[in-house]
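The values are calculated or read from the model by the stated rules, or taken from the named source; none is laboratory data. Quick caveat: nothing in here was measured; it's all calculated off a predicted structure. Here the Cβ positions follow ideal geometry from the backbone for every residue, glycine too, while neighbour counts run over all protein chains shown. The area values use the complete protein model at the heavy-atom level, side chains included, leaving out ligands, DNA and RNA. Shrake-Rupley method; radii C 1.70, N 1.55, O 1.52, S 1.80 Å.
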Amino acid sequence: MAGTKISAKYPPLIDPARTTLAYGNRALPRLNHELRTDVLLTRQRTLMSLCDYLHDPEHIAAALRQGIVQSLVCLLSDEDMTVRFKSAECLQVIASHAIGRQAFLTHKVIQPLSTLFDDSEDVVRKYSHLALEMASRSVSVAEGIIEAKLVPILVSKVKTELDEIKAIVLDALHFCFKVHVQDALDNGAMAIFAGCLNHESAAIRYRAARNIMDLCVVLEGKNQAVEVKCMDSLVVLLKDTNTDVRANAAGAIMSITITTKGKYTALEAGALWPLLELTEDGNSEVRVNSLKALTSLSEAPEGRKALLEQVERIKTRLSDPIPVIVKAAEIALKTILWKP
């Protein structure tokens with residue numbers, strides 16, 4: 001005779017780590033209410049469900065209208081590590097949308113989020129930096145980060161943080177540098193980035209070279225790059241096996257060599273021949289950056305003299321399938337063949 005067996009297992013599709021969602025448009029009001037409860041387990045389960053719920057782009061605008069961001073900001077200072085971590089992760093998901101990034105300014109999220117930079121838990125620090133990096137892709141948020149005086153703090157984190165978090169911080173700084181670089185230059189960023197050029201991780205090497213290129217947009221950055229002697233390391237990176245590293249190293253040299261001091265520093269470091277080899281690289285960004293760097297070096301008499309013997313080699317780039325590389329080759333040849 002058949003019988004029944006009482007099981008202690010949860011029914012299918014029931015996750016004990018997540019709260020049950022209310023139906024339809026009642027889901028977010030209930031989630032927001034449960035975020036403010038005093039029961040720790042409820043807050044944890046609600047955040048787990050909310051994080052999944054926000055991954056649907058259709059729910060972001062509704063979440064902002066319900067005041068979810070304000071609730072998450074309050075939870076950033078929670079005593080529980082899981083609550084802080086999931087709150088930062090939810091903010092990161094929100095920041096992946098334009099209206100979410102605007103909410104960072106409207107609800108003053110930047111400063112509370114920055115308090116987690118010194119959290120004792122690695123995962124909390126990671127997601128706080130991820131949220132800020134995602135939001136910094138908006139120019140207005142990048143300006144807010146600068147106004148909040150967070151650039152010096154982020155620069156210092158490049159020295160002390162774990163490698164995984166360090167890469168995220170370098171990305172956040174990159175977006176801030178599109179707005180303003182002086183704060184970073186005043187706080188020793190150039191020397192710190194130069195020290196990262198020899199890092200074992202290609203992800204950090206290329207980000208460090210890219211950020212050096214960002215800082216060299218202004219004259220003081222070019223001068224500091226020469227002073228901290230990063231050129232030797234950049235020349236070594238021109239032969240790196242990673243494409244992004246080669247491209248950004250060539251770009252950094254391109255920016256530094258705009259000044260006369262930078263030109264001669266690069267020539268003394270032996271940058272000319274590696275750059276010449278990169279004009280035939282398989283990556284278009286590497287080719288265009290190397291051609292532009294060679295154009296700058298050819299403005300120095302010593303550089304022009306050496307490159308006059310390589311004109312035919314550079315002329316091969318005139319048949320490149322990418323128009324911007326053809327234009328860069330034309331400018332390089334015009335500069336090399338110039339006569340007073």
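Numerical summary
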| quantity | calculated |
| --- | --- |
| Dipole of the chain [Lys/Arg +1, Asp/Glu -1 at C-beta], most positive-end residue of Leu294, Ser138, Thr241 | Ser138 |
| Of Lys263/Lys292; Lys263/Lys305; Lys315/Lys339; Lys222/Lys334, pairs whose Cα-Cα distance is over 22 Å | Lys222/Lys334 |
| With eigenvalues of the C-alpha gyration tensor scaled by 5 and rooted, segment 101-244, Å | 26, 17, 13 |
| Summed residue charge, Cβ within 14 Å of Val155's Cβ, Lys/Arg positive, Asp/Glu negative | 0 |
| Accessible surface of segment 224-340 [probe 1.4 Å, protein heavy atoms]: carbon and sulfur percent | 54 percent |
| Residues Gln182 and Glu79, FRET efficiency given R0 of 45 Å [Cβ-Cβ distance, rounded to 0.05] | 0.75 |
| For the chain, Kirkwood radius (reciprocal of mean inverse C-alpha pair distance, Å) | 22.6 Å |
| Over segment 95-179, volume per residue of the alpha carbon convex hull, in Å³ | 78 Å³ |
| Cα-based reach from Lys157 at 16 Å (exclusive), listing aspartates and glutamates while leaving out same-chain residues under 8 positions away | Asp118, Asp119, Glu121, Asp122, Glu133, Asp171, Asp183, Asp186 |
| Relative contact order (percent, whole number), segment 110-181, Cα cutoff 8 Å, 6+ residue spacing | 36 percent |
| Heavy atoms of Leu308 accessible to a 1.4 Å probe, total area in Å² rounded to 10 | 90 Å² |
| Distance from segment 284-340 to segment 196-257 (C-alpha centre basis), Å | 20 Å |
| Calculated FRET efficiency for the pair Val217/Leu105, C-beta based, R₀ 25 Å, to 0.05 | 0.50 |
| Selected from Gln102, Ser87, Gln70, residue furthest toward positive end of dipole (segment 42-126; charges at beta carbon) | Gln102 |
| Dipole of the chain, positive direction: furthest Cα of Ala266, Ile204, Ala329, with charges on the beta-carbon | Ala329 |
| Segment 52-113 - percent of accessible surface contributed by carbon and sulfur, probe 1.4 Å | 52 percent |
| 1.4 Å probe accessible area per residue over the chain, in Å² | 48 Å² |
| Listed residues Gly282, Gly67, Gly251, most fluctuating in the chain (Gaussian network, C-alpha, under 10 Å) | Gly282 |
